[in-house]
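Below is one structure, written out as structure tokens, with a few remarks after it.
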Amino acid sequence: MPLAFPKDLLIIDFEASLGDAPNTEPVQLGAVLLDKTTLAEKKNFVSWIRADLSSVPPEKLAKKGFDPETILNAPTASEVAGKFVECFGKDYFLASWAAGLDWALFKGLMRSADISPKEFDYHVYDLWPVAYTYLLERGYAGSWRSEVMFQEFGLPSRGAHDALEDCRHAAQVLRKILEK
């Protein structure tokens, strides 16, 4: 019998204004809902999130491929949280390539809309350690950075930072690992 999760998996990814968690603001949220048995994509979601970019160096935004005007005119965090819950509800396992940061940003996003993070299952499936362990078991000696790992799994290079694309890459890695 093939592997089946007890619930669908919702892979989330945030793009953020800065790299360090204490000072960063989410500027984009992407999500892909995977069927618990087939891992086929059932739904997806992506939205920019309005953020104060006054402390972010313009060259950092340019390097990530972010358009400041798009972010400044995006829906508020509260609006994005509401649309997200409207799209997916709350009954799934959250999954992420970098679960620590994404879970922290997710909780903050939900709190901005007065939605308690306790309404979601607190079990978060962290895909990076699964993928890295899988590669190490096969003799991998390359970088632990996501771009290099994605390429090791045969995925194309990513362009500008895009949360939905990152979710789809993470989903594809999970499929490749579980099909073995």
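Go ahead and estimate [θ] at 222 nm for the chain from helices alone: -39,500 (n - 2.57) per DSSP H run with n ≥ 4, summed, over the residue count, rounded to 500.
Computed mean residue ellipticity for the chain: -12000 deg cm²/dmol.
Setting aside same-chain residues fewer than 8 positions from residue 60, which aspartates and glutamates have a Cα under 16 Å from its Cα?
Cα-Cα hits under 16 Å: 15, 20, 25, 52, 69, 162.
Taking the Cα centre of each part, how many Å lie between the range 40-75 and the range 103-180?
The two parts, judged by their Cα centres, are 19 Å apart.
Counting only DSSP beta bridges with both residues in the chain, tell me the antiparallel percent, nearest 5.
70 percent
Convex hull over the Cα atoms of the chain, averaged projected area in nm²? Before the final figure, lay out the partial values.
Working: hull surface 42.3 nm².
Taking the Cα atoms of the chain, their convex hull projects to 10.6 nm² on average.
Below 22 Å, Cα to Cα, which lysines can residue 83 reach? Residues fewer than 8 away in the same chain don't count.
Cα-Cα hits under 22 Å: 7, 42, 43, 107, 118.
How tilted is helix 163-178 with respect to the longest principal axis of the chain? Cα atoms for both, answer in degrees (0 to 90, nearest 10).
10 degrees
How much net charge surrounds residue 37 when only other residues with a Cβ under 14 Å from its Cβ are counted (Lys, Arg +1; Asp, Glu -1)?
So the surrounding residues net to 0.
Considering only DSSP states other than H, G, I, E and B, which chymotrypsin sites (Phe, Trp or Tyr not before Pro) in the range 77-142 qualify as loop sites with at most 12 other Cβ atoms within 10 Å?
Answer by residue number: 122.
Net charge around residue 115, counting only other residues with Cβ within less than 13 Å of its Cβ (Lys, Arg = +1; Asp, Glu = -1)?
+1
Arrange 123, 161 by Cβ neighbour counts within 10 Å, fewest through most, would you?
123, 161
Using alpha-carbon pairs under 8 Å, 6+ residues apart, how would you state the relative contact order of the range 74-180 in percent? Don't skip to the end; give the middle numbers.
Numbers: 81 pairs, mean separation 27.9, N = 107.
Rounded, it is 26 percent for the range 74-180.
No value in this document is a laboratory result; all are computed from the given coordinates. Computed from a predicted model, the values in this text were never measured in an experiment. All Cβ positions, glycine included, derive from the backbone under ideal geometry; neighbour counts span all protein chains shown.
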